[in-house]
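Peer 1: This is the structure, below, for whatever I ask next.
The values are calculated or read from the model by the stated rules, or taken from the named source; none is laboratory data. Since this is a predicted model, take the numbers as computed values, not measurements. Neighbour counts run over all protein chains shown; Cβ positions are idealised from the backbone, glycine included. SASA here: full protein model, heavy atoms, side chains in, ligands and nucleic acids out. Shrake-Rupley method; radii C 1.70, N 1.55, O 1.52, S 1.80 Å.
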2 protein chains.
Amino acid sequence: MSGSSLASWNDGTSKRSILDFIRRVTTAGSPGFVPAPERIAVFDNDGTLWCEQPVIQLAHIMQRWQEMARQDPALRDQQPWKAAVDKDMTWFRTAITEHYGGDESDMPTLAKGVLSAFEGLTTEEFATSVAAFFRTESHPSLKRLYRDCGYAPMVELLRLLDAHGFTNYIVSGGGRDFIRQIAGDIYGIPPERVVGTSTVLAFRAQGDGGDLLMQAKLDVFDDGAAKPARLWSRIGMRPLLAAGNSNGDIPMLQFANQPPRLALRLLVLHDDATREFDYTSGAEKALALAKQYGWTVVSMRNDWKTVFASHPETIFTRDRETDYGDETVQGRHQA
Amino acid sequence: MSGSSLASWNDGTSKRSILDFIRRVTTAGSPGFVPAPERIAVFDNDGTLWCEQPVIQLAHIMQRWQEMARQDPALRDQQPWKAAVDKDMTWFRTAITEHYGGDESDMPTLAKGVLSAFEGLTTEEFATSVAAFFRTESHPSLKRLYRDCGYAPMVELLRLLDAHGFTNYIVSGGGRDFIRQIAGDIYGIPPERVVGTSTVLAFRAQGDGGDLLMQAKLDVFDDGAAKPARLWSRIGMRPLLAAGNSNGDIPMLQFANQPPRLALRLLVLHDDATREFDYTSGAEKALALAKQYGWTVVSMRNDWKTVFASHPETIFTRDRETDYGDETVQGRHQA
């Protein structure tokens, strides 16, 4: 296992923990050996694989709310349409931070807006909308395309795990069908390995065929205790490695522990105001448990040489030019 | 594509439809060509891949009900424990046949018994119970181990599809975590490709770890319109081939139709009282749609040379002896 395989990581405890763990579970004959089909690695997405300040999916929903408010001006006086039209990010950030801290006061309003935004679209129409969003939209302060907001060191880790017989999954509080449109390009993770929050889908039969229509009703909010349950639903196994960054990832990290098997738990700590952001809000309990039980805390400031790939070529990509055409190349050069 | 790859199938319209379809979607440059990642094939399980008279999972649950009634004699006067103790299969068969016909009068009683049977077990404890069941239990009239009740022609079809770049999934009204324990051995389908009915799982954190506990509450009854929604939830794609045998499979078969792409819809017709069973109850609407839209109806009597494998070696198996040890070999020789 070449050290250069985690080239964007500084030498230190985190990098050594990861490399040591991979070596122990993949070395045949070693007491920690785990057969390849059981080498399941699960990753939270927002704040773990890409940045979450602000939550990227929100930008896609805001586009839609602005469009809805143009069509129906009465919506401009109601949240969350009002905040979308006014580009009032503070309202959204507060609602989400409150949620992770246990205060759900703004969550019903936000949830209602989120759920009704795409009501009645087919799953294919929604996918088309998301794909168009990722072709053009950029992060407001990082000044890079959203699809270039993945953390280079985490993408390297995904590739390293993949090369060592692991199967990588995303288990996210974000939207399953949203992340599926981009997870292949950024992370090399195919749609069937993306688990996330979902709305109810209703089947509408039409003659010899039929469609699934998005309903304005929550199916599963894939956070907290829902994460291990949804992972089990998907694969019928526990993970061997689990990575997250907030309190909502705690049960998933606990679920990876199945003695006497080894387990690696990673918690990404956002402590880099210069290159990304510096916050622990909503991660307090997770950080306390990490300290108590020796989970590996990954400091963005200290453990990562780079946060985002300066050369997009280094990001794991699957026929990216083919997918996006010339626009992509141009967009990347500007970023 | 050698004709011998479907050696248990008689030459006829069904076999020709299947082989022709596979040839068209896998031949590069052909107008019907579909890239391998999109070659998704979904199969109902009960009555499509193995026999459903009686429903095999019911035998496992009955074992449990008998055990519960031994521990609490008051249960002997209540359904479904009473029917389990009396081995009254008619009561169960009627409830299920009624359900497929649209009459739900016995379903709440049956569902309550099913849901409470394994309440409080961890997912791993349930898996252990199911694995033990499949090691020893046999079909009452077919006189073969339940794990040898897979249809040999359908297993051949799964292998043929697998050899042609398809990815096979089970989407069943039966229990997801039940089928997962046997789908690898019989069908070569790994746990992560089994979708089915599920109970709510509750996460119980304990220190640095935690377990998922089965609750006496239905999560999803994976039948009818739930089937396409659950498949989308799992993989984010439509199937290219869908196979079923009852009215509950109609939406899944409709969902496979995505013009201008080709689609193959298979409906297994139980018309073989000599070698298996003869019934169309609960399949009336599906058979009418098959006739109306030209879906391929597979007649067990006319299309299949054999129903069950006379030599278990011909069944697709993954380290079967390794999994089950000497008991298995002995069991198979007796079967």
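Peer 1: Is there any pair linking a residue in the range A:7-32 that is among the charged types (D, E, K, R) to one that is open to solvent by less than 40 Å² (accessible area, probe 1.4 Å), with Cβ under 6 Å and at least six apart or on different chains, and which?
Peer 2: A:Lys15/A:Leu6; A:Lys15/A:Trp9; A:Arg24/A:Ser30; A:Arg24/A:Gly32
Peer 1: Among (1) open to solvent by less than 20 Å² (accessible area, probe 1.4 Å); (2) over 14 Å from the mean Cα position of the chain (by Cα), there is one condition B:Cys51 misses while meeting the rest; what is its number?
Peer 2: Among (1) open to solvent by less than 20 Å² (accessible area, probe 1.4 Å); (2) over 14 Å from the mean Cα position of the chain (by Cα), B:Cys51 violates only (2).
Peer 1: Next up: Hey, could you check the range B:120-135 for residues that are under 19 Å from A:Ser233 (Cβ atoms), assigned to a helix (DSSP H, G or I) and hydrophobic (A, V, I, L, M, F, W, C) and say which is nearest to the other protein chains (Cβ to nearest Cβ)?
Peer 2: The residue in question is B:Ala127.
For every residue, the table says whether it meets (1) open to solvent by 30 Å² or more (accessible area, probe 1.4 Å); (2) on the phi < 0 side of the Ramachandran plot.
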| position | (1), (2) |
| --- | --- |
| A:Glu192 | yes, yes |
| A:Val195 | no, yes |
| A:Arg204 | yes, yes |
| A:Ala216 | yes, yes |
| A:Ala226 | no, yes |
| A:Leu231 | no, yes |
| A:Gly236 | no, no |
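Peer 1: Select from the range A:129-177 the residues that are hydroxyl-bearing (Ser, Thr, Tyr) and within 29 Å of A:Gly12 (Cβ to Cβ) and write down the one among them that is surrounded by the most Cβ atoms within 10 Å (Cβ to Cβ).
Peer 2: For the range A:129-177, the residue satisfying everything is A:Ser172.
Peer 1: Looking at (1) at positive phi; (2) part of a helix (DSSP H, G or I), which is the only condition A:Ala286 fails?
Peer 2: Only one criterion is unmet by A:Ala286, namely (1).
Peer 1: Shifting gears a bit: From B:Asp219, B:Asp185, grab the single residue that is of a type in the set (Asp, Glu) and closer than 23 Å to B:Cys149 by Cβ.
Peer 2: Matching residue, one of B:Asp219, B:Asp185: B:Asp185.
Peer 1: Let me ask something else about it. So which residues in the range A:89-103 are open to solvent by 30 Å² or more (accessible area, probe 1.4 Å) and either closer than 17 Å to A:Val55 by Cα or among the hydroxyl-bearing types (Ser, Thr, Tyr) (or both), if there are any at all?
Peer 2: Filtering the range A:89-103 for residues open to solvent by 30 Å² or more (accessible area, probe 1.4 Å) gives A:89-91, A:93-94, A:96-98, A:100-103.
Result: A:Met89, A:Thr90, A:Trp91, A:Arg93, A:Thr94, A:Ile96, A:Thr97, A:Glu98, A:Tyr100, A:Gly101.
Peer 1: Could you identify the single residue in B:Ser17, B:Ser30 that is in contact with a strand residue (DSSP E or B) (Cβ under 6 Å, 6 or more places away or on another chain) and surrounded by fewer than 21 Cβ atoms within 10 Å (Cβ to Cβ)?
Peer 2: Numbers: B:Ser30 fails: in contact with a strand residue (DSSP E or B) (Cβ under 6 Å, 6 or more places away or on another chain).
That would be B:Ser17, the only listed residue that is in contact with a strand residue (DSSP E or B) (Cβ under 6 Å, 6 or more places away or on another chain) and surrounded by fewer than 21 Cβ atoms within 10 Å (Cβ to Cβ).
Peer 1: Of the residues A:Ala83, A:Ala74, which is of a type in the set (Gly, Ala, Ser) and open to solvent by less than 50 Å² (accessible area, probe 1.4 Å)?
Peer 2: Working: A:Ala74 fails: open to solvent by less than 50 Å² (accessible area, probe 1.4 Å).
Within the list A:Ala83, A:Ala74, the selection yields A:Ala83.
Peer 1: So, one more: Search the range A:61-81 for residues that are without any contact (Cβ under 8 Å) to a residue 40 or more places away in the chain and pair each with any residue that is among the polar types (S, T, N, Q) and crowded, with 16+ Cβ neighbours inside 10 Å when their beta-carbon atoms are under 7 Å apart and the residues are at least 6 apart or on different chains.
Peer 2: Final answer for the pair search is none.
Peer 1: Spot the failing condition for B:Leu264; the list is (1) of a type outside the set (Phe, Trp, Tyr); (2) surrounded by fewer than 19 Cβ atoms within 10 Å (Cβ to Cβ); (3) in contact with a Leu (Cβ under 7 Å, 6 or more places away or on another chain), and only one is missed.
Peer 2: Going through the list (1) of a type outside the set (Phe, Trp, Tyr); (2) surrounded by fewer than 19 Cβ atoms within 10 Å (Cβ to Cβ); (3) in contact with a Leu (Cβ under 7 Å, 6 or more places away or on another chain), B:Leu264 breaks only (2).
Peer 1: Of all residues being touching a strand residue (DSSP E or B) at 6+ places or on another chain (Cβ under 8 Å) and assigned to a helix (DSSP H, G or I) in the range B:303-335, which is modelled with the highest pLDDT? Just the residue, please.
Peer 2: B:Asp303
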